[in-house]
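Take a look at the structure set out below.
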Amino acid sequence: MWNSKQSATGIGRPEYLSKLVLALSFSLPNSGGTTSSDRYRRLVAVNAISLVFALIANLTLLLNMARRLSFRAAQPITIWGFWIASVTLIVLIAVASDRKKFHQPGVEDQALTQAYYYATFAAGLYQIISYLVSGIG
């Protein structure tokens, strides 16, 4: 719960860091030769790759708007950066929502966390931005 000691911007609230904690929201049981820490590392790695592409796309869009980078150079980087960030998040969401891999056996009522829904929202926004910037639609 938010308290009066936190700022109105919400900095310090854990859900604002949810993009990188998507993998933390699931219990990862051991199965076969792959340990849960290996699965966790893979999910975080894919999430970090998505974040890097999104940051690069945002930076090139900002430099383009500030007229520090030419339109011809910035436009493809922005479009492909947002699109790749979206696709990697969609793949991550599909893998992380697989009940067979990430839900504990014998537990009936497990739910997807807030981080999962933040990732779906971010993937949708990245996809929409990439299409708007490219002129499709």
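The values are calculated or read from the model by the stated rules, or taken from the named source; none is laboratory data. Keep in mind that this is a model prediction, so the values were computed, not measured. With ideal geometry, Cβ positions are generated from the backbone for all residues, glycine too; neighbour counts draw on all protein chains shown.
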- Message: Cβ-Cβ distance below 7 Å, separation of 6 or more or different chains: which pairs start in the stretch 46-74 with a residue that is in contact (Cβ under 8 Å) with a residue 12 or more places away in the chain and end on one that is assigned to a helix (DSSP H, G or I) and among the aromatic types (Phe, Trp, Tyr)?
- Response: 54/82; 54/126; 57/82; 64/71
- Task: Taking the options 79, 90, 136, name whichever one is β-branched (Val, Ile, Thr) and at pLDDT below 85.
- Result: 136
- Query: If you go through the stretch 20-42 one residue at a time, do you hit one that is modelled with pLDDT under 65, closer than 21 Å to residue 123 by Cβ, of a type outside the set (A, V, I, L, M, F, W, C) and assigned to a helix (DSSP H, G or I)?
  - Reply: yes
- If you go through the stretch 112-132, how many residues are at pLDDT below 90 and closer than 17 Å to residue 60 by Cβ? 0
